[in-house]
Amino acid sequence: MNIKEASHPALRILEDLVRIQSVNPHFGEGAQGEEGVAAYLEKRLKQAGLTVFRQPVLDGRDNIIAELRIGKPDSTLLFEAHMDTVSLGSMEDPLNPIYRDGRLYGRGACDTKSSLAGMVYAMEYWSRNREQLQADLVLCAAVDEEANYRGILKFLEWQAPIAGAVVGEPTELSIVTATKGCSRMAVRTKGKAAHSAVPEEGDNAIYTMMDVLRFIREEVEPQLERISHPKCGQATVVVGTINGGTQINIVPESCAIQVDRRIIPGETPDGVREKFTTDLLDYLGEHAEKVEVSELLSDWALNTPEKSSIVMKAGEALRSLELNDETIGVPFGTDASKLQQLAGVPTIVFGPGSIRQAHAREEWVSVEQVELAAEFYKSLAGRFGLKAL
Ligand SMILES: [Zn+2]
C-alpha cells in the first residue's frame with residue numbers, strides 16, 4: 001500500500017504522532033517525554049472546538065484532557081490512551097512513518113499512537129456533529145503508562161463522572177474485558193559477612209536465597225496451575241533479577257531477587273503478596289527471620305461485567321462494522337484496571353495492532369486496523385448514552 005491509498009484521516013494524525021518523539025523518560029538518555037505530543041494534541045483539539053486543559057502530573061509532563069460537553073455529564077464516555085512510548089531501541093528510522101505491505105512502521109505506531117489517533121479522529125468528528133451526540137465525551141491523553149501509570153492515577157483525581165471508558169491499547173480490534181494484574185515484590189535475604197577463608201564464621205545469604213527459590217519453584221509454581229481464569233489463562237510467577245554478594249572472598253551478607261507474580265481476576269495484589277509472604281516464612285521455619293518481602297509495584301486485574309453498557313455498545317459498534325464482537329481477555333496490564341478498580345468505571349480495552357508488535361524491535365500496525373479502530377471509536381461514541389437495545 002502506498003501513501004495515497006492510505007487515505008483515512010486517522011492515518012494523517014498517526015503519522016504526525018509518530019514523528020514526535022515521546023519516549024518515556026524512565027527509559028533514560030535521549031527520551032523527550034510526552035510534551036511534544038501534548039502540545040500537538042492541545043493545539044489540534046482546541047482548533048476542533050473542544051475544551052482542552054492540561055493536568056500537570058510530573059515535571060514538564062502533563063495529561064491532556066479534552067471535553068465535548070452536550071449537557072449529559074452522567075453518561076460521559078471516556079477515551080483514554082497514553083502518549084509515551086518505549087525507547088527507540090535499534091529500530092530503523094523510528095520517527096519516520098513508513099507504509100509497507102499494508103503496515104505503518106514507526107515507534108509507537110502500534111503502542112499506542114494508533115489508538116490515540118483514532119480517538120482524536122472520533123472527538124473531532126463529533127465536535128462537528130455534536131447535535132447528534134447522546135453522551136458527553138472526554139478524551140484523556142495520559143503520560144507515563146509505560147513506567148508507573150502516574151498519568152492515569154492523576155487523571156482519577158479529577159473525579160468527573162464517567163459512565164464507561166475505552167482504553168486504547170493494541171487488542172487486534174477485539175473487545176478486552178479482562179486483563180491480568182501483577183504483584184511485584186522484592187525478596188531480600190540477610191546473612192553475616194566473613195572472610196571466605198573462614199566461612200564458618202559467616203552466614204551465606206545466597207544459600208538462604210536458594211531456599212527461597214526452591215519455595216517458588218516447588219511450592220508456588222505448582223499451586224499456580226490451579227489458579228486460572230477462562231479469559232486470561234493461568235496466574236504466573238517469574239524471578240526476573242538476582243543480586244547477591246560483593247566480592248569473591250567475602251561470605252555474602254545479602255542477596256535480593258525481584259519477583260513478578262501476574263494475578264488474574266479474583267485475586268488482589270495485596271492478598272497475593274500477603275499469602276506469598278506467610279507461606280514463604282512458614283516454609284523457611286527457623287530461617288524465617290533472615291528474609292524480608294517488600295512491595296515493588298501492584299496492579300489490579302480487570303474484569304468488566306459483560307452486561308455493562310460499555311461492553312454492549314462496543315459490541316453494537318463492532319457489528320455495525322461487520323467485525324467480530326466476541327469479548328476476550330489478555331495477559332498484559334493497562335490503564336483500564338485503574339479506572340475500574342479506583343473509580344468504579346466499567347472499562348474495556350480496544351485498539352488496532354497486536355501486542356506482539358508493541359515494544360518490538362520493528363514496531364508496526366496494520367493500516368486497515370487503524371482505519372477500522374477509528375471508525376469503531378466514532379461509532380461507539382455515537383451510540384453511547386442511549387439505552388441498550
Ligand atoms: Zn501501551
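Once you order the gyration tensor axes a ≥ b ≥ c over the Cα atoms, which shape class does the range 43-166 get: rounded for a/c under 1.5, otherwise prolate or oblate by comparing a/b with b/c? Intermediate values should be presented prior to the final figure.
Values: a/c = 2.33, a/b = 1.44, b/c = 1.62.
Oblate.
Can you compute log10 of I(q)/I(0) for the range 318-389 with the Debye formula, treating each Cα as one identical point scatterer, at q = 0.13, 0.15, 0.28 Å⁻¹?
Computed log10 I(q)/I(0) values: -0.51, -0.67, -1.34.
Kirkwood hydrodynamic radius of the range 181-299 from all distinct Cα pairs, in Å? Show your work: numbers first, answer last.
Details: mean 1/r = 0.0664 Å⁻¹.
Across the range 181-299, the inverse of the average 1/r is 15.1 Å.
Along Cα→Cβ, 7 Å out, is where each label goes; now give me the distance between the ones at residue 268 and residue 35 in nm to one decimal.
So the two model labels end up 4.0 nm from each other.
Suppose all protein chains stay in the model; what accessible area per residue would a 1.4 Å probe give for the range 181-299, in Å²? Working shown, then result.
Values: 6530 Å² over 119 residues.
I get 55 Å² per residue for this part.
Can you list the lysines whose alpha carbon is less than 28 Å from that of residue 290, not counting same-chain residues fewer than 8 positions off?
Of all the lysines, those that pass the test against residue 290 - Cα under 28 Å, at least 8 places apart if same chain - are 190, 192, 275.
I'd like to know which of 196, 381, 277 lies farthest towards the positive end of the charge dipole of the chain, counting +1 on Cβ of Lys and Arg and -1 on Cβ of Asp and Glu.
Most positive-ward Cα: 381.
Zone of residue 206 (label point 7 Å along Cα→Cβ, backbone N under 15 Å): which residues in the range 241-278?
242-257
Show me the three semi-axes of the equivalent ellipsoid for the chain, from the C-alpha gyration tensor (sqrt of 5 times each eigenvalue), largest first, rounded to whole Å. Don't skip to the end; give the middle numbers.
Details: eigenvalues 374, 110, 69 Å².
So the equivalent ellipsoid measures 43, 23, 19 Å along its semi-axes.
Let me have the 222 nm mean residue ellipticity of the chain computed from DSSP H runs of 4+ only, each contributing -39500 (n - 2.57), with the sum over all residues rounded to the nearest 500. Each step should come with its number before you reach the end.
On the way: 10 runs with 115 residues, N = 389.
The helix-only estimate for the chain comes to -9000 deg cm²/dmol at 222 nm.
Which whole-number value in Å² is the accessible area per residue of the range 47-91, probe 1.4 Å? Mind showing how you got there, number by number?
Details: 1710 Å² over 45 residues.
Per-residue value: 38 Å².
If we sort 220-227, 96-103 on the protection proxy, mean other Cβ atoms within 10 Å, highest first, what's the order? Could the numbers behind the result be given before it?
Details: 220-227: 12.1, 96-103: 15.5.
Highest to lowest by the protection proxy: 96-103, 220-227.
Over the chain, what is the mean sequence separation of C-alpha contacts under 8 Å (at least six apart), divided by residue count, expressed as relative contact order in percent?
Details: 916 pairs, mean separation 92.5, N = 389.
Relative contact order here is 24 percent.
Order 147-158, 330-341 from most to least packed using the mean count of other Cβ atoms within 10 Å.
Numbers: 147-158: 18.3, 330-341: 23.4.
Averaged packing, sorted descending, gives the order 330-341, 147-158.
Straight distance only, please: which lysines reach the Cα of residue 378 with their own Cα at less than 20 Å, same-chain residues fewer than 8 apart left out?
46, 72, 113, 313, 387
Which order, highest average first, do 74-81, 261-268, 125-132 follow once you tally other Cβ atoms within 10 Å for each residue and take the mean per peptide? Walk me through the numbers on the way to the answer.
On the way: 74-81: 23.8, 261-268: 20.4, 125-132: 13.5.
Output ranking for 74-81, 261-268, 125-132: 74-81, 261-268, 125-132.
For the range 181-299, calculate the relative contact order in percent as a whole number, restricting contacts to Cα pairs under 8 Å that are 6 or more residues apart.
Values: 229 pairs, mean separation 51.2, N = 119.
Computed value for the range 181-299: 43 percent relative contact order.
Return the carbon/sulfur percentage of the accessible area of the chain, one whole number, probe 1.4 Å, all protein chains in place. If you can, show how the numbers build up before the last one.
Details: 8280 of 16950 Å².
In the chain, the share of accessible area belonging to carbon and sulfur is 49 percent.
The values are calculated or read from the model by the stated rules, or taken from the named source; none is laboratory data. Values in this document were obtained by computation on a predicted structure and should not be read as measured data. A quick note on method: Cβ atoms are made from the backbone with ideal geometry, for glycine too, and the neighbour counts reach across all protein chains shown. Heavy atoms of the whole protein, side chains included, go into the accessibility calculation; ligands, DNA and RNA do not. Shrake-Rupley method; radii C 1.70, N 1.55, O 1.52, S 1.80 Å.
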